[in-house]
Amino acid sequence: MSQFTIAVLVGSLRKDSFNRRLADALVKLVPPDFTLVQVRIDDLPLYNQDDDGHQNAAVLRLKSEVAKAQGLLFVTPEYNRSIPGVLKNAIDHASRPYGQSVWSGKPAGVLGVSIGAIGTALAQQHLRNVLAYLDVPTLGQPEAFIQAKDNLFDDDGNIGEASRQFVQTWVEKYADWVRRHAKV
């Protein structure tokens, strides 16, 4: 059986964000052949093409961690009907210099939590557009636009009972997606 390391990018910097809590809870739901590793993006400088020839240590670390992964998982909030700047910045860094993207061909899943009724639907759509350009095959169904409601998480940080089956089904579909598309 192959082992799959998944680079998890959380689009929120807030320590106790709903999306970070979701990423932490997903660790308990993935199959035993999967390892989720959250990739740090809070220390990246703003992308500047002038730096492509001498990327700083944080950028090189990001690129190395993504390159080692067999799959990607984006867990993101929605900011102003789009993806957070910090996530776009990380995506830009790891796709540059032109022709040296570490994203290409890695199967991805996209989900997120928001207090809004449509969850993170618009952010996810924008992110999918970016990932399509970067040649990242992204799980299309099921979609996971999760609304943050009471009991989404239990006292131990697990997905609450009302949402557990939905999220578990999403995780299983994502795992199948990665198994089919990962370059092992």
Look through Lys15, Lys28 and report the one residue that is touching a residue at least 24 places away in the same chain (Cβ under 8 Å), in a loop (DSSP other than H, G, I, E, B) and either crowded, with 22+ Cβ neighbours inside 10 Å or of a type in the set (D, E, K, R) (or both). Lys28
Considering only the range 40-57, I want to know if a residue exists there that is surrounded by 15 or more Cβ atoms within 10 Å (Cβ to Cβ), without any contact (Cβ under 8 Å) to a residue 24 or more places away in the chain, of a type in the set (Asp, Glu) and at negative phi. yes
Please enumerate the residues belonging to the range 140-168 that are out of contact with any strand residue (DSSP E or B) (no Cβ under 9 Å at 6 or more places or on another chain), assigned to a helix (DSSP H, G or I) and surrounded by 13 or more Cβ atoms within 10 Å (Cβ to Cβ). Arg164
Of the residues in the range 94-111, those that are of a type in the set (Gly, Ala, Ser), assigned to a loop (DSSP other than H, G, I, E, B) and open to solvent by less than 30 Å² (accessible area, probe 1.4 Å) come to Ser95, Gly105
Name the residues in the range 125-139 that are open to solvent by 20 Å² or more (accessible area, probe 1.4 Å) and in contact with a strand residue (DSSP E or B) (Cβ under 6 Å, 6 or more places away or on another chain), would you? His126, Arg128, Thr138
Here are some residues: Leu62, Leu87. Which one is at negative phi, in a helix (DSSP H, G or I) and in contact with a strand residue (DSSP E or B) (Cβ under 7 Å, 6 or more places away or on another chain)? Leu87
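Within the range 75-92, track down each residue that is of a type in the set (Val, Ile, Thr) and open to solvent by 20 Å² or more (accessible area, probe 1.4 Å). Walk me through how you get there before you give the answer.
Initial filter on the range 75-92 (of a type in the set (Val, Ile, Thr)): 75-76, 83, 86, 91.
Listed by number, the residues that qualify are Ile83, Val86.
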Failed condition for Ser114, given (1) closer than 19 Å to Ile6 by Cα; (2) surrounded by 15 or more Cβ atoms within 10 Å (Cβ to Cβ); (3) in contact with a Ser or Thr (Cβ under 9 Å, 6 or more places away or on another chain); (4) not acidic (Asp, Glu): (1)
With the checklist (1) in contact with a strand residue (DSSP E or B) (Cβ under 6 Å, 6 or more places away or on another chain); (2) of a type outside the set (Gly, Ala, Ser); (3) in a helix (DSSP H, G or I) in hand, flag the one item Leu36 doesn't pass. (3)
For the structure I just gave you, tell me whether Ala67 is part of a helix (DSSP H, G or I), at pLDDT 95 or above and either under 18 Å from Thr138 (Cα atoms) or open to solvent by 70 Å² or more (accessible area, probe 1.4 Å) (or both). yes
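The values are calculated or read from the model by the stated rules, or taken from the named source; none is laboratory data. In this text the structure is predicted, and so the values were computed from the model without any measurement. Neighbour counts are summed over all protein chains in view; Cβ atoms, including those assigned to glycine, are modelled from backbone coordinates with ideal geometry. Quick note on the areas: whole protein, heavy atoms, side chains included, nothing else; ligands and nucleic acids left out. Shrake-Rupley method; radii C 1.70, N 1.55, O 1.52, S 1.80 Å.
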